[in-house]
Every structure is written in C-alpha cells, then in structure tokens.
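Each remark here refers to the structure printed beneath this line.
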Amino acid sequence: MRRRLISSTLAVVLIVIAVFGVSLFVVETRTITSSARDRLEADAARVLAEVESRIAAGEPVTEEELRGSAPADRHVRIQLPGQPPVLLGEPPDGDAMRAEQSGGRGEHVSVEQPSSVVSDEIGRMLTILLIVSLLAVAAAALLAVRQARRVAAPLTDLAETAERLGSGDPRPRHRRYGVAELDRVADVLDASAERIARMLTAERRLAADASHQLRTPLTALSMRLEEIMTTEDRDTIKEEAAIGLAQVERLTDVVQRLLTNSRDPRLGSAVGFDLDEVVVQQVEEWRPAYRSAGRAIVHSGRPGLRAVGTPGAVAQVLACLVENSLMHGSGTVAMRTRTTGNQVVVEVTDEGPGVPGELGSRVFERTVSGRNSTGLGLAVARDLAEADGGRLELLQQRPPVFALFLSREAEQGQAAT
C-alpha cells in the first residue's frame, strides 16, 4: 500500500510538472526570443539616431566617432549613400539575429548578435526549470512517504489489534491516529475488545463461581449418600434420600442462579419465604459434617421471620458462611436470626480466631483469602445477596460475626393498611 501511495503521488506530480513545465518552457522561450529581438531593434534605432544627428550637425560618421555609441557585443553596419560602410564590432559566427533601421537621407543601419546568446539564455532558463522540477519531485516524494506512513502505519497497527483480538487478547489499545476514518475503526475495535473482555471475564467468573458454589452441595450430597450406604434402617434411608433429593433440587437452583447472574446480575426471582425453614435446613445439612469434626452447629433467635429474596440463593450464602466456619473457625457455630428496622438479619459466628486484622472488609474481594482458600466463597456470597437486594457484611472480626441482611416481608395487616 505504501508503494501504491508513493507511486500515485509521484505520478500526479510528474504529470503536473510535465504539463506546466512544457507550457512554461514554450512561453519563456518565446519571451526570451522576443526580448532579444526588441533589444536589437532598440539598438539599431539608437545608432540610427546618432548617425542622423551627426549628419545634421555636419560631423563625420566614422568608426572612431561611433565606437562609443555602438554596443560592444553587437556587430553594427552603417551604410551611407555614396560612402563605404562603417563596421563596428566583430561579425558573428554562424547563425545570427539581425535588426535593421533606415533614415530619411538614405542612411541604413543594421545590428546583429549571435543566436547563441538567446540559446544560452534559454538553456539557463531550462536549467532553472529542471532544478525546480527536481526539487518539486523530491518534496513530493518526501511528502508521499510521510503520507504513506501516516496512512499505512495505522492500518498495520489496526491489523495487529484485530489479530490480537482473534488470538484471545482483548485488551483495548486506545490509540488514535488523527484520521477520522481510521479513528472510527479504532473506536469500533476498542469497543469490541471491551465487549469481548467482559464476555471472557463473565465466563471465567461463572466457571470459578460454579466450581466453588457446586462444591459445597456436592460434598453434602456425597455425605448423605455415604450415610445411606452405611445404614440398614429403612426409615433412615428414606429420610436421608429425601434430604438428598432436596439437596439435588437446591443444586439445580444454584446452577440456574449462577447462569442467571452471569447473564444479568440484576435479574432476580425474589419472593417471600420462611427464613427459619432455610436456617433449619442448613443446620440439618451441616450437622453431620460438624459431628464428624467433633464440633456443633446450633441456631437461635426470633422465630417466624419472613424475608424477601430467593430461598436457594439465601441457602447458598448461609452455606458459604457455615462452610467457612467449619474450615477456618473452631468451636460451636451459632446461627441467630433477628430484625433491625424493616430488615431481617441472619448472623453466623463461631469461636475461632476470626478474620485477620489486615484483611477486614477486603475479605469479600475476589482472590483475597487469609488461610490458603480460593478467595471466591465470600465474594460469590456477597454477589448472591446483592442480587436479591440484600447485603452481606462482616460485623465483627474477632470472634467473627458475619451478617446477612434481607428485606423483611410486610405482614398482611400492614400490607392491607
């Protein structure tokens, strides 16, 4: 492309130089020739006037008398009636230009100069034209190279950006080139890069969230299946199987919830539900795991509370808090329900060392962990809570107290009012 731009620019310049240069050469040649002829005519008229004035004054017309009046680079011939011609200057060799003038008493004056004088002047003019043309071509070449780089370099850069996008590197470059059309292409590529980056981030986040959030219900489900395998009591088998089926349903809800949040975290399915039912369900599900660890899990608080949210998402948030207490805490884990204003609160605490002081509220950030965990659990739990219009907070670091705040469902009497 650079070669084409340079070639086209130079071709245009050469055509312009050829057209205007030839025209200028023809015009200047005619002007130089005409000027030389006019000068010869003027010299002949001046010499004739000098001769006539001498004849009128009775002075002699000789070579010595007229030598100062004749041009030094001209050949002058003065012819008087009945007298030999008076010659001034050397006669030209080869072609010559001549101008003649005649007086009223029969005197005749002719002035000649070599044609080479005009040819030399035309040659000098042609040399100047060639030099100017070469300078114009050189300037045009430099300008063409600069313009080619200005256009070709951004195109090469845009091609590299597109190649980077195709190879999986969606970082926008935010480069602009001062050319409206190229800047428009750069804007589109940057916007595409940002969209691709968001899509890749959402996919990676979904994969990380899914792997983390599915681990807990799958672990609990495997524990139920192990208990079914180790018992021969038919009633116990039925009970554990029913709990396992409930866990499978919640697992399905978790998958659906993750997919929904990956598309648009603002889309929710909040409903009014019995908060005690979700809390008791988590206590029952995690009791075997705590029993195996030699620890206990209990719940207390105000009964009969109803919250607005997605039961499956709330269960996942509480499961994350309970699992963190099992993995990083110690002693008894307590879940307590209470109200504050128009919200219901579920607090989860244990008797462990709590959250390190240097972490604080950063414990909810992704990849931030104090004890060799993935750093995703609390981040995903907070996202789930916020998607339901609630919030998850760390109320106390030592001993740790995590609180899930949810909107409280209005009582029927209050709704009617």
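Determine the pairs where a residue that is under 14 Å from R195 (Cα atoms), located within region 153-168, has a partner that is among the β-branched types (V, I, T) with Cβ atoms under 8 Å apart, the partner being 6 or more residues away or on another chain. Close Cβ pairs satisfying both conditions: L165/I196. The condition of being of a type in the set (K, R), under 30 Å from A141 (Cβ atoms) and under 60 Å from the mean Cα position of the chain (by Cα) holds for only one of R3, R30, that being R3. Taking region 1-20 as the range and being closer than 22 Å to I131 by Cβ and open to solvent by 60 Å² or more (accessible area, probe 1.4 Å) as the test, the residues that pass are V12, L14, I15, V16, V19, F20.
A single entry from D183, D209, D235, D253 fulfils the requirement of being part of a helix (DSSP H, G or I), among the acidic types (D, E), modelled with pLDDT of 75 or more and open to solvent by less than 90 Å² (accessible area, probe 1.4 Å): D183.
Residue count for region 158-180 under the criterion of being under 30 Å from I6 (Cα atoms) and outside any loop (DSSP other than H, G, I, E, B): the result is 8.
Taking the condition modelled with pLDDT of 85 or more, open to solvent by 60 Å² or more (accessible area, probe 1.4 Å) and in contact with a helix residue (DSSP H, G or I) (Cβ under 6 Å, 6 or more places away or on another chain), does E28 pass?
So E28 fits the description; yes.
With the structure loaded, tell me whether S23 is part of a helix (DSSP H, G or I), exposed (fewer than 12 other Cβ atoms within 10 Å of the Cβ), on the phi < 0 side of the Ramachandran plot and over 60 Å from the mean Cα position of the chain (by Cα) or whether it fails that test. The answer is no for S23.
Within region 315-322, not a single residue is without any contact (Cβ under 8 Å) to a residue 60 or more places away in the chain, over 48 Å from the mean Cα position of the chain (by Cα) and not in a loop (DSSP other than H, G, I, E, B).
If you check L155, L189, L143 for being open to solvent by 40 Å² or more (accessible area, probe 1.4 Å), under 30 Å from S7 (Cβ atoms), aliphatic (A, V, I, L, M) and at pLDDT 80 or above, only one passes: L143. Of all residues in region 26-44, those that are in contact (Cβ under 8 Å) with a residue 60 or more places away in the chain have Cβ atoms under 7 Å from Cβ atoms of residues that are among the β-branched types (V, I, T) and in a helix (DSSP H, G or I), 6 or more apart or on another chain, in T29/I122; I32/V118; I32/I122; T33/V118; A36/V117; A36/V118. Among the residues of region 269-279, at least one is open to solvent by less than 60 Å² (accessible area, probe 1.4 Å) and either assigned to a loop (DSSP other than H, G, I, E, B) or at pLDDT below 70 (or both).
Test of understanding: among P92, P81, which residue is touching an Asp or Glu at 6+ places or on another chain (Cβ under 8 Å) and buried (at least 17 other Cβ atoms within 10 Å of the Cβ)?
Testing whether each residue is touching an Asp or Glu at 6+ places or on another chain (Cβ under 8 Å) and buried (at least 17 other Cβ atoms within 10 Å of the Cβ) leaves just P92.
A single entry from S69, S110 fulfils the requirement of being modelled with pLDDT of 85 or more and more than 60 Å from the chain's Cα centre (by Cα): S110.
The values are calculated or read from the model by the stated rules, or taken from the named source; none is laboratory data. All values reported here derive from a predicted model rather than from experimental measurement. Reconstructed Cβ throughout: ideal geometry from the backbone, glycine too, with neighbour counts over all protein chains shown. When the accessible area is computed, the model is the full protein with side chains, heavy atoms only, and any ligands, DNA or RNA have been set aside. Shrake-Rupley method; radii C 1.70, N 1.55, O 1.52, S 1.80 Å.
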